[in-house]
Amino acid sequence: MKDPAAARIVPKGPEQSGPKHRDVHLLRTDRGGHLFVVDGSQLFDLDEDTFWRFVAAADDDQMAGLLRSSGLATERRRIDDEAPDDMPVRALSLAIAQKCNLGCTYCYAQEGNFGTAPKNMPLETALASVDLLLADTRPDERINLAFLGGEPLINRAVLRQATTYASAKAAERGQAIGFSITTNGTLIEADDADFFDAHGFAVTISLDGPAFVHDRLRPFKGGRGSYERIVERIRPLLDRKGRMQTTARVTVTPENLELRRTLDELLGLGFHSVGFSPMLASPTGRGEMDQSALQAMLAAMIDCGKEFERRTMIGQPYAFSNILTALREIHRGSHRPYPCGAGGGYLGVSADGELAACHRFVGDDAGAMGSVEYGVDASLKAAWLQDRHVHRQVPCRTCWARYLCGGGCYHEVLARGRPACDFIRGWLHFVLQVYLRLTSSTVSPPYLARS
Amino acid sequence: MSEEPTGITPRNLSAQLSYRGRGNPPVTHPMSAISNCFPGLEFDFRAIWRRFLVGIVLSENNNYVVGFEDEKYKDLIGRRLLKINDRPLSVLTQGPVMPGRGPIPLSTSDTPGAVSFMEWSNTVALLIGHEGAKVRCEFTKDPAETEVLPGDPNVATQILELEVRHIFERTQIDGTSERLALLAEALAKPGELSQGLCSPWQNDYRECACYYWAASRPDYVNVVPADDGSSRGDNWLQRENTGRYAVDNADYQSLLNYDDLFKSWESVLRFVVGGVQEPRPK
């Protein structure tokens with residue numbers, strides 16, 4: 001039964017979401033005790049007696065025994081130690097322009113050129129990349145072509161020709177294809193909206209907050225602010241309610257921690273959704289989040305999350321994409337041994353036609369994966385997936401959040417290790433509680449339908 | 001299974017899928033129950049084929065049109081859907097019947113042309129990427145009671161564009177159409193998902209000699225380890241639990257027969273709790 005000693009060790013808030021057990025995470029809401037089983041990302045309500053029995057488990061062995069006797073352990077774990085050996089590349093991102101007109105302080109691409117001479121991707125390379133993507137997939141597999149940079153719209157002509165070419169080739173064989181672009185928004189022309197809409201683009205605009213903050217972090221190369229220009233240029237995109245979607249991505253540094261204000265301002269502009277991502281590693285170290293900034297960011301994320309919960313309860317949309325994504329993953333019980341598709345189902349292509357583990361590893365030997373000309377290097381890809389399996393990562397292998405987090409961005413981990421674990425666990429702990437509250441209420445949103 | 005009482009309620013979808021209620025056998029998991037994908041006790045998954053194409057109703061295991069949703073397709077009743085997007089739905093069935101001889105067409109009185117509808121699941125798998133889109137459907141021009149080989153030059157055909165229905169319910173979330181974890185309401189009318197299931201009060205439990213249809217129910221009950229390393233227990237259809245497994249050898253004296261099930265299935269079939277079928281053998 002409940003005893004005061006046990007009460008002290010039960011996680012109540014996100015600050016108590018630290019790693020305790022390898023196989024479970026215990027949490028409480030005002031409705032009682034809950035159990036998150038790491039294997040399969042399964043979430044349960046526990047009655048009080050059962051909850052306190054789980055709390056009393058002293059170590060991982062006792063916890064494993066308790067899971068078995070409760071019928072919650074399967075003979076075979078859902079994720080074993082093996083890396084997948086048959087993961088086709090279904091998504092490519094093209095560094096269509098390795099140059100940029102902005103001079104963002106923290107850019108992983110070192111102001112767009114990845115530390116080399118600025119260049120555009122030639123048309124032949126872009127078309128050959130599309131051929132590679134089609135050749136390695138079956139017509140019944142959905143594929144995705146992303147355009148990144150640098151600033152991809154610097155090379156608009158090749159971007160459009162590659163899109164049209166991919167669209168026609170995919171249609172010939174009845175294959176579904178999606179397009180996406182991440183752009184700084186400064187170079188958008190009026191007819192880009194028509195083009196993006198015709199091809200159903202998912203457009204992501206990098207914006208770091210209200211003008212006075214954004215202009216400090218993402219100025220033009222000469223130092224002039226870019227906010228006003230971006231907002232003016234993206235208006236035709238935001239006004240589209242057709243096939244395309246325009247979302248905002250905010251890179252969070254110690255200088256723009258006012259997330260709630262940013263979220264409300266950007267949603268007010270008409271973005272389809274707005275998401276935040278902490279700056280964990282920059283080539284110069286500028287803008288990197290330290291522990292106190294990450295704590296402040298977690299508090300600000302929770303503030304946004306509470307507003308999301310409040311609005312959802314009264315049936316109002318509030319497109320805070322971090323919580324929408326996390327809720328959907330928790331609802332399904334997503335569990336994966338990798339943080340993303342990089343080096344697996346997703347590769348980046350440099351302007352020179354070299355394949356990389358993702359858009360961030362362009363021009364970096366650490367993420368080399370072959371070339372468009374000679375194809376994907378299967379042995380490099382296999383070794384990448386083998387080495388990066390979350391069971392091989394310390395301390396991830398014993399963390400309760402390992403199959404939701406996957407171990408963190410490879411590029412950032414290489415540069416700086418894993419400074420954001422408490423932030424990630426704290427956020428997931430909070431979203432688990434929101435999930436439990438929303439799905440207990442009579443106004444649970446349809447995307448969380450129970451059965 | 002737990003020996004202690006537990007108050008555990010699965011909340012998210014993965015927990016609901018994996019959780020086995022106290023006393024339920026392993027085959028009650030969707031992933032282990034053969035009955036989940038064939039006519040068993042939960043629901044008949046084949047039923048999703050019936051209304052897979054908007055406007056018409058197909059037999060759940062065939063390319064035979066049995067009904068229509070849209071008046072303009074009423075003439076299709078009794079006809080056969082031969083191809084979708086030029087891919088045949090039926091094939092010539094061939095195989096060896098004599099050792100040492102080559103394969104020959106395997107005709108039966110029902111299918112004199114030795115034509116079989118390909119497994120519906122293959123067809124569903126081929127079409128799943130086309131949900132919401134129109135596909136080219138080639139039907140026989142006339143009703144055809146027996147199977148027809150697609151591409152037969154002697155059979156007149158008609159081509160219609162039909163829409164592939166979404167299998168899962170969709171909803172608008174912030175302006176985006178999202179898939180829910182619910183079968184689309186339009187995919188099945190009330191009762192259609194279960195009408196093909198086996199029924200204890202019909203022939204099914206006796207007809208299926210390996211108890212495949214009754215897969216959600218343990219067919220070997222009251223099992224205890226025997227001294228020689230084997231086990232002892234009862235056949236679930238035994239009239240009396242004796243601890244000695246009665247083999248189903250058409251000796252209806254020791255096992256329930258058709259008549260027993262037709263007349264009083266609800267009293268002769270017994271509950272199994274924790275592997276024990278009441279009343280316990282003495």
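The values are calculated or read from the model by the stated rules, or taken from the named source; none is laboratory data. On a predicted model such as this, the values are computed, not experimentally measured, just so you know. Glycine gets a Cβ as well: all are built from the backbone with ideal geometry, and neighbour counts include every protein chain shown.
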Quiz item: If we scan region B:144-161, do we find a residue that is in contact (Cβ under 8 Å) with a residue 24 or more places away in the chain, surrounded by 15 or more Cβ atoms within 10 Å (Cβ to Cβ), more than 28 Å from B:Gly113 (Cα to Cα) and more than 14 Å from every other protein chain (Cβ to nearest Cβ)?
Solution: no
Quiz item: Inside region A:409-442, can you point out the residues that are among the β-branched types (Val, Ile, Thr) and more than 14 Å from every other protein chain (Cβ to nearest Cβ)?
Solution: A:Val413, A:Ile424, A:Thr442
Exercise. Evaluate region A:353-373: report whether one residue or more is touching a Pro at 6+ places or on another chain (Cβ under 8 Å), assigned to a helix (DSSP H, G or I) and not small (Gly, Ala, Ser).
Key: no
Quiz item: Any chance region A:284-297 includes a residue that's within 14 Å of chain B (Cβ to nearest Cβ) and either over 14 Å from the mean Cα position of the chain (by Cα) or surrounded by fewer than 21 Cβ atoms within 10 Å (Cβ to Cβ) (or both)?
Solution: no
Quiz item: Can you name the strands (runs of 3 or more DSSP E) wholly within region B:129-197 that have at least 1 residues being at pLDDT below 95, touching a helix residue (DSSP H, G or I) at 6+ places or on another chain (Cβ under 6 Å) and not aliphatic (A, V, I, L, M)?
Solution: B:168-173, B:176-183
Self-check item: Complete set of residues in region B:7-61 that are more than 10 Å from chain A (Cβ to nearest Cβ), modelled with pLDDT of 90 or more and assigned to a loop (DSSP other than H, G, I, E, B)
Solution: B:Arg50, B:Arg51, B:Phe52, B:Val54, B:Gly55, B:Ser59
Quiz item: Of all residues in region A:41-70, how many are within 11 Å of another protein chain (Cβ to nearest Cβ) and more than 21 Å from A:Cys405 (Cα to Cα)?
Solution: 14
Quiz item: Can you name the condition, by its number, that B:Phe117 falls short on among (1) away from chain A (no Cβ under 14 Å); (2) of a type outside the set (Ser, Thr, Tyr); (3) surrounded by fewer than 14 Cβ atoms within 10 Å (Cβ to Cβ); (4) without any contact (Cβ under 8 Å) to a residue 60 or more places away in the chain?
Solution: (3)
Exercise. Could you check A:Ala248 against (1) over 26 Å from A:Gly408 (Cβ atoms); (2) within 14 Å of another protein chain (Cβ to nearest Cβ); (3) buried (at least 23 other Cβ atoms within 10 Å of the Cβ) and say which number it fails?
Key: (1)
Self-check item: Which listed residue is among the hydroxyl-bearing types (Ser, Thr, Tyr) and surrounded by 16 or more Cβ atoms within 10 Å (Cβ to Cβ), from B:Tyr211, B:Tyr220
Solution: B:Tyr211
Quiz prompt | Tally, over region B:256-276, of residues that are farther than 30 Å from B:Arg20 by Cα and either in a strand (DSSP E or B) or without any contact (Cβ under 8 Å) to a residue 24 or more places away in the chain (or both) | solution = 3
Quiz item: Tally time: how many residues in region A:135-155 are crowded, with 18+ Cβ neighbours inside 10 Å and at negative phi?
Solution: 13
Quiz item: Has region A:205-219 got at least one residue that is assigned to a strand (DSSP E or B), out of contact with any Gly (no Cβ under 6 Å at 6 or more places or on another chain), crowded, with 18+ Cβ neighbours inside 10 Å and assigned by TED's automatic domain parsing to the domain that holds A:Arg160?
Solution: yes
Practice problem: Look at A:Asp215 and say whether it is charged (D, E, K, R), away from chain B (no Cβ under 14 Å) and farther than 26 Å from A:Cys358 by Cβ. | Solution: yes
Quiz prompt | Selection count where residues are part of a loop (DSSP other than H, G, I, E, B), surrounded by 22 or more Cβ atoms within 10 Å (Cβ to Cβ) and among the small types (Gly, Ala, Ser), scope region A:87-133 | solution = 2
Exercise. Among the residues of region A:310-334, write down those that are more than 13 Å from A:Phe276 (Cα to Cα), more than 10 Å from every other protein chain (Cβ to nearest Cβ) and of a type in the set (S, T, N, Q).
Key: A:Thr312, A:Gln316
Quiz item: Is at least one residue of region A:71-84 in contact (Cβ under 8 Å) with a residue 24 or more places away in the chain, closer than 30 Å to A:Thr163 by Cβ and more than 10 Å from chain B (Cβ to nearest Cβ)?
Solution: yes
Quiz item: Picking from A:Leu347, A:Leu438, A:Leu355, A:Leu404, which residue would you name as being crowded, with 22+ Cβ neighbours inside 10 Å, of a type outside the set (S, T, N, Q) and more than 24 Å from A:Leu132 (Cα to Cα)?
Solution: A:Leu404
Self-check item: Any hit, region A:300-319, residues being outside the structural domain of A:Ser444 (by TED's automatic domain parsing), under 29 Å from A:Asp192 (Cα atoms), assigned to a helix (DSSP H, G or I) and not aromatic (Phe, Trp, Tyr)
Solution: no
